[in-house]
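The values are calculated or read from the model by the stated rules, or taken from the named source; none is laboratory data. Everything quoted here is computed from the prediction, not taken from an experiment. Cβ sites come from the backbone with ideal geometry, for glycine too, and all protein chains shown count toward neighbours. For accessibility, only protein heavy atoms count, side chains too; no ligands or nucleic acids. Shrake-Rupley method; radii C 1.70, N 1.55, O 1.52, S 1.80 Å.
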Amino acid sequence: MCGIIAYVGNKPAASVVLEGLKKLEYRGYDSWGIVALTNDLQQPFSVIKRIGKIGHINSDYINEAIKLESHTALGHTRWATHGGVTEQNTHPHLDCTGRIAVVHNGIVENYQQLRSELAGHGFVSQTDTEAIPHLIEHLMVKEGMSFVDAARKAAGMLQGRSAFVAVNSGTKQVVAARKGAPLILGVHENNDKEFFIASDVTAFLDHTNKVMYIDDNEMAVIDGRAAFFNLTTGNETVKRVVEIHWHRGHANKEGYDHFLIKEIMEQKDTLALAINQDDAKIMAVAEEIKAAYGTFFVGCGTAGKVCMAADYLFSKIAKKHVNSVVASEFGNYQDYLTPKTLMIPISQSGETADVLEAIDVAKSKNVKVISLLNVFGSTMMRMSDDFFMINAGAERAVVSTKATTAQLAVVMLLAYATAGKLQEGKLLLMNTAAAVNDMLNPRYDEHIKKLAALLSDRKDMFVIGRGINYPAALEAAIKMQETCYTNAQGLAGGELKHGPLALVEEGTPCIVLVANDETKSDILGNAMEVKARGGYIIGVSPENNEIFDYWLKVPDVGNASPIVNIIPVQILAYHVAVLRGCDPDFPRNLAKSVTVK
Ligand code: F6R
């Protein structure tokens, strides 16, 4: 994961980088660091590294730490992979001479081999990244290469998905190399004034919406202007300046205490925005699904649960089988792929390494890829043959909420379109959006807050569902795990009696996701089995039932029940997190954009 931002221009570079890093913090928040290029020949770099989050750091602090005015700076926010969370392991990493500084995102899979080949160099961290500045130094000193050639050659020698930005204090050149991990260049009109390089366009959208895409296996060199080169051949490639028209949503909390609750409440609007799709395009993709020799929905984590829901929704609504595969497992299906297969990857960030790797596998078999994405310009968008935007706006909290329900809504539209009932599906989803708007009121929030107080000392929990609410139960369980660290197990109701029931004790909470459909009496029967063994039953249901110890009412929205059933659990997870003193926006050990395998 990790976030990178670099700036070259006439503004105070460290401050620009600081603000950019705050926008990238969702990519990792174990530690952060900034390196600024100075005019001091003895000490060409001014470096600051700190453990923890950067959100509360202000420019004065940075300017004091950096001391000298600088017009070139690189910054990094880290999600630790190789080496613990220490200042030594925090980026930037420097070469032995202290003249080359590097920030890096991704994994250098062959770092051990590189480090042993660079024996004699003074490594000070346990990271894979530190191999890069030393490798560049080695190529410059031992092979007499220029900084740019050495950086290009070094990039070519790295195995695995990664991206790095390096600066040389001697030539004052900045290079940005992209090999499987995202990097985008922001410029002004004439590509000659100010340059921003970042893992994600949001890091510099306050300054410019004009970008030049760094493609995979390419590097950009900033040296008065930005030039692009193929990493393998070294040939220069010609680029256009492209304008990004993407509303990234409101960047502040707008009066809410946390982004998470703000984004949960935004579902009042985001469902309606998600279904605002081009009917003709939805119908055309539905035809492709019908004609495909196998459609694969592919995603990770929460998006993976949406893929699983697609499997149920297509079967129920369109009587059509589609496959749902966890992205990291997709390679195992490659022998089933043909040029007539269709892949529909789902990813909020569009940068999840497992998903991108799955797309690579699909592309190698000439599979058509039509993605569902939320971040315009993301790598997934650029790798796809076509895409739908889910229109949820930027999701800042690490825990996914509004993007999830928006993804579900678009999947449902596709299922209805495949059944030849697009307008019926649209109407249902419009009514669902209106019902969610009504549901998300302060009284409802208070009611869930009271439940959170009852559950705040319970560390274990079950969430059960059947049919289309089985994937919803899995998703609800993820919310409880990551937001308030409850050991929540999501289960198909029928599976309880095959083992997990042994864990039920007096007062064990069990959230039961109920829909007014053919699964209703069976899931209530499963809830009864838990209650009979002392369990505390929280019913998420359009109607109350005597077996519920606590009832969270949801609107009766037919096949859209997974959407409305997940929302109260999102709110519950939030309130339990606050009561437990967890940070709802930045759960421990996680990052929003998971760019490592
Ligand atoms: C959970 C969550 C993660 C993501 C997963 C995939 O709330 O956010 O499970 O869903 O990491 O991320 P994207 O959708 O960006 O591919």
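Below, the figures for the structure above:
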quantity	calculated
Spin-label proximity, Lys142 to the stretch 96-112 - amide N less than 14 Å from point 7 Å beyond Cα toward beta carbon	96
Relative contact order (percent, whole number), the stretch 441-586, Cα cutoff 8 Å, 6+ residue spacing	28 percent
Extension gain (nm, one decimal) between Glu117 and Val242, 0.36 nm per residue minus Cα-Cα	40.9 nm
Expected-Rg normalisation [2.2 N^0.38 Å, Cα atoms] applied to the stretch 40-149	1.13
Vicinal HN-Hα couplings computed from phi for the stretch 400-408 (Karplus, 6.51 cos²θ - 1.76 cosθ + 1.60; Hz; Gly/Pro x)	7, 10, 5, 5, 4, 5, 5, 4, 4
The stretch 149-300: projected area of the alpha-carbon convex hull, averaged over directions, in nm²	13.9 nm²
Whole-number accessible area per residue in Å² for the chain, which is evaluated in the context of all protein chains at 1.4 Å	37 Å²
Ranking by accessible area, most exposed first, for Lys597, Lys402 with a 1.4 Å probe	Lys597, Lys402
Förster radius 22 Å - calculated FRET efficiency between Gln423 and Asp269, Cβ distance, rounded to 0.05	0.50
Normalised alpha carbon radius of gyration of the stretch 3-243 [divisor 2.2 N^0.38 Å]	0.91
Virtual paramagnetic centre 7 Å along Cα→Cβ of Val124, amide N under 12 Å, in the stretch 35-65	45-49
Ranked packing of 119-127, 533-541, most packed first, by mean Cβ within 10 Å	533-541, 119-127
Rounded to 5, the percent of DSSP beta bridges in the chain classed as antiparallel	60 percent
Folded to 0 to 90 degrees: helix 131-143 orientation relative to the chain principal axis, Cα	30 degrees
At R0 = 25 Å, FRET efficiency that the Cβ-Cβ distance of Lys497 and Lys319 yields, to 0.05	0.25
Accessible-area order (highest first, 1.4 angstrom probe) of the listed residues Asp30, Asp556	Asp556, Asp30
Percentage relative contact order, the chain, counting C-alpha pairs under 8 Å, at least six apart	12 percent
Surface accessible to a 1.4 Å probe, Glu543 within the full protein complex, Å²	90 Å²
Per-residue ³J(HN,Hα) for the stretch 105-113, Karplus 6.51 cos²θ - 1.76 cosθ + 1.60, θ = phi - 60°, Hz, x for Gly and Pro	10, x, 10, 8, 5, 9, 5, 5, 4
Spin-label pair Asp40/Tyr293, simplified geometry with 7 Å Cα→Cβ offset, distance in nm	6.7 nm
Residue-level accessible surface for His71, protein heavy atoms, 1.4 Å, Å²	80 Å²
Computed over the stretch 90-156, Cα set: Rg, Dmax in Å	10.7, 29
Degrees, to the nearest 10: 13-24 long Cα axis against longest axis of the chain	20 degrees
Percentage relative contact order, the stretch 253-337, counting C-alpha pairs under 8 Å, at least six apart	21 percent
Gap separating the Cα centres of the stretch 551-578 and the stretch 173-231, nearest whole Å	41 Å
Mean residue ellipticity (222 nm) of the chain, computed from DSSP H runs ≥ 4 via -39,500 (n - 2.57), nearest 500	-10500 deg cm²/dmol
Heavy atoms of Cys96: accessible area, 1.4 Å probe, square angstrom to 10	70 Å²
Largest to smallest accessible area among Phe45, Phe376 [probe 1.4 Å]	Phe376, Phe45
Accessible area of the chain belonging to carbon and sulfur atoms, whole % at 1.4 Å probe	49 percent
DSSP-defined antiparallel bridges as percent of all bridges, the stretch 3-243, nearest 5	95 percent
Dipole in debye (nearest 20) - the stretch 268-334, about Cα centre, beta carbon charges: Lys, Arg +1; Asp, Glu -1	240 debye
Sites Asn230 and Asp517, calculated FRET efficiency, Cβ-Cβ separation with R0 60 Å, nearest 0.05	0.65
Under Karplus coefficients 6.51, -1.76 and 1.60, residue-wise ³J(HN,Hα) of the stretch 444-459 in Hz, glycine/proline x	5, 4, 4, 4, 6, 4, 5, 5, 4, 5, 5, 9, 4, 9, 8, 8
Acute angle (nearest 10 degrees) that the helix 469-484 long axis makes with the longest principal axis of the chain, alpha-carbon atoms	50 degrees
Point-to-point label distance, Tyr256-Ser59, nm (Cα→Cβ direction, 7 Å offset)	2.8 nm
Net charge of neighbours whose Cβ lies under 11 Å from the Cβ of Lys340, counting Lys and Arg as +1 and Asp and Glu as -1	+1
